[in-house]
Amino acid sequence: MTTQDVAGIPVVRSEDCLRHEPDGEVWLGVWEPGTEVPERVTAILAAVTAAGAAVMPARPHPDEALLAVHDPELVGHLRTIWAEWEAGGYAAEHGRQRVVPYVFPTAGLLAGLPMRSPAATHGRVGRFCYDTMTLVGPGSWEAIRAAADAALTAADLVASGERLAYALCRPPGHHVTASSYGGSCYLNNAAIAAQNLRGAGADRVAVVDIDAHHGNGTQAIFYDRPDVWYGSVHVDPGAGWFPHYVGYADEHGAGPGQDANRNLPLAPGTGDDAWLDAVGELCAAARGADAIVLSLGVDAAVADPESPLRVSADGYRRAGELIGALGPVVAVQEGGYDLPSLGQLVVSTLAGLAGA
Ligand SMILES: [Zn+2]
C-alpha cells in the first residue's frame, strides 16, 4: 500500500476525544485496566497522518442532531452525571472514582410497572447504563459530545459531495440504543450520522457494521424503520460473545422495517475468506442505498484482544473495496484495541474504500 491510497481523504477528529478517561472497567465484579484507552486515538491519528490523509477538526453541531436518535433523558444524564457524582461525594468521600451502576431496572424488576427516576444518583445510573464496564469520569461528556460532532462533520462532508469521509470517533458508539448506553459506548455516533444523512436528503441510508461485535444499539434504533437499513457481520453472540442477548441471524427488523435488518454471526476463529464472504453478502443487500455509514471497528483483526475473529489488514482493505463500491461512505470509528496494529488497519480500510 502506498500513501497515495489515502492521500487527501478527509479525517475528522477532535482533541476532546482524548479527554474521556474511563480508567478501566468493572468486568465480572473486578476492576480491570480496560482497552478503550485514549492512546487508541493517538495511534490512529499518527497512522492516517503519515499516510497523507487530510486531518480536520470536528465542527460543533446542535443537540437536535443527537436528539434525532436519542431520548433527551439519556443525553441529559450523560451531560450531568459526572458533576452529580462529584457533588454527591462518591469520588472524594467514598472512593468511587468513576460512575458505575449497581442496580438495573430490567423488565423482570419492573414487572410491568412504569419506569421511575430514582432519587439517589447511584440508583439512577442503571436506568441508562446496561452494564458495569462503561464508566463515566471527568472529561467523558466532552469526549462523547466531540465524537458525535466528528461523525456529524463527516456526514456533512459526504452530504455536500465528498465520496468518502472518516470520523475518528472516541468513545465508540454502536452499542448505544435510543435510551441506554453500554459496551464502552455512550452516544451512537453511526446512528447520528445516518440520521443526519437522511435529514440532508438521502432517501435510503445503509449502515454496514464490520466491528467484531454486533451493533445492538444501531439495530435497535432503526429496527422498525425502512429508510435506514442495518447489516452487521460479527462474532456469534450465541457462541458466548458480547452483546450476548442480541445479534442473532433471525433478527430481520419489525413493522415497516421488516427485512431492513441483516445479521451475519460468525464462529470464533473465522478469518478473511468467510468474513469477506459475509461482508460481500451485506453489500449485496445494501446495494441501492443513497449513502453508506460504515461502522468501522477493526477489532475483528487477528491481533485484537477483544475478539476471536482472525481478519488480516489485507482483509480490511478488501472489505473497504466492497463497501466503497456501494456509493458515498461516512466511515465512523468503532472498536479496535490492539495499539500496535490499530492505525494500519484503519489506513488499510480507508485505502480500500478510496480505491473502490
Ligand atoms: Zn467491537
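The values are calculated or read from the model by the stated rules, or taken from the named source; none is laboratory data. This structure is a prediction, so every number in the text was calculated from the model and none was measured. FYI the Cβ positions are ideal-geometry reconstructions off the backbone, even for glycines, and counts take in every protein chain you see. The area values use the complete protein model at the heavy-atom level, side chains included, leaving out ligands, DNA and RNA. Shrake-Rupley method; radii C 1.70, N 1.55, O 1.52, S 1.80 Å.
In whole percent, and with a 1.4 Å probe on the protein chains, what portion of the accessible area of the chain is carbon and sulfur?
55 percent
Rounded, prolate or oblate for segment 63-117? Axes are the square roots of the Cα gyration tensor eigenvalues, ordered a ≥ b ≥ c, and the cut-off for rounded is a/c under 1.5.
In terms of gyration-tensor shape, oblate.
For segment 12-28, take each phi angle, set θ = phi - 60°, evaluate the Karplus expression 6.51 cos²θ - 1.76 cosθ + 1.60, and give the result in whole Hz per residue in order, putting x for glycine and proline.
Result, ordered by residue: 9, 9, 9, 4, 4, 5, 7, 7, 6, 10, x, 6, x, 8, 9, 10, 6 Hz.
What do the square roots of 5 times the Cα gyration tensor eigenvalues come to for segment 105-154, in whole Å, largest first, as semi-axes of the equivalent ellipsoid?
Working: eigenvalues 164, 38, 20 Å².
Values for segment 105-154, descending: 29, 14, 10 Å.
For segment 289-301, take each phi angle, set θ = phi - 60°, evaluate the Karplus expression 6.51 cos²θ - 1.76 cosθ + 1.60, and give the result in whole Hz per residue in order, putting x for glycine and proline.
Using θ = phi - 60°, the values come out as 5, 6, 8, 10, 10, 9, 7, 8, x, 10, 7, 7, 5 Hz.
Name the shape class, rounded, prolate or oblate, that the alpha-carbon gyration tensor gives for segment 98-217, where a ≥ b ≥ c are the square roots of its eigenvalues, rounded holds for a/c under 1.5, and otherwise prolate holds if a/b is larger than b/c and oblate otherwise.
Numbers: a/c = 2.47, a/b = 1.89, b/c = 1.31.
Because a/c hits 1.5 or more and a/b exceeds b/c, segment 98-217 counts as prolate.
Based on the mean of other beta carbon atoms within 10 Å per residue, what is the order of 258-267, 165-174, most packed first?
Going from most to least packed, we get 165-174, 258-267.
Given segment 230-356, what whole percent of its Cα pairs are spread farther than 18 Å? Could the numbers behind the result be given before it?
Numbers: 4106 of 8001 pairs.
Tail of P(r) above 18 Å: 51 percent of Cα pairs.
What does DSSP give for the chain in terms of the percent of beta bridges that are antiparallel, rounded to the nearest 5?
Bridges in the chain that DSSP calls antiparallel: roughly 15 percent.
Amide H neighbours of Tyr181 under 5 Å, at least 5 residues apart or on other chains, H built in the peptide plane: list them.
Sorted by chain and number, the residues that satisfy this are Cys129, Tyr130.
Between Glu32 and His244, with labels modelled 7 Å along Cα→Cβ, what's the label distance in nm to one decimal, could you check?
About 1.3 nm separates the two model spin labels.
Place the peptides 333-346, 237-250, 282-295 in order of packing, highest mean first, counting for every residue the other Cβ atoms within 10 Å and averaging per peptide.
333-346, 282-295, 237-250
Write down the accessible area per residue of the chain in Å², having rolled a 1.4 Å probe over the full set of protein chains.
Using a 1.4 Å probe on heavy atoms only, each residue of the chain averages 38 Å².
For segment 1-80, what are Rg and Dmax over the alpha carbons, in angstrom?
Computed over the Cα atoms of segment 1-80, radius of gyration and Dmax are 16.9, 47 Å.
Report the one residue of Ala354, Gln195, Gly52 whose Cα lies farthest in the direction of the positive end of the charge dipole of the chain (charges on C-beta: Lys and Arg +1, Asp and Glu -1; origin at the Cα centre).
After comparing all options, I get Gln195.
Could you compute Rg(Cα) / (2.2 N^0.38 Å) for the chain, with N its residue count?
0.92
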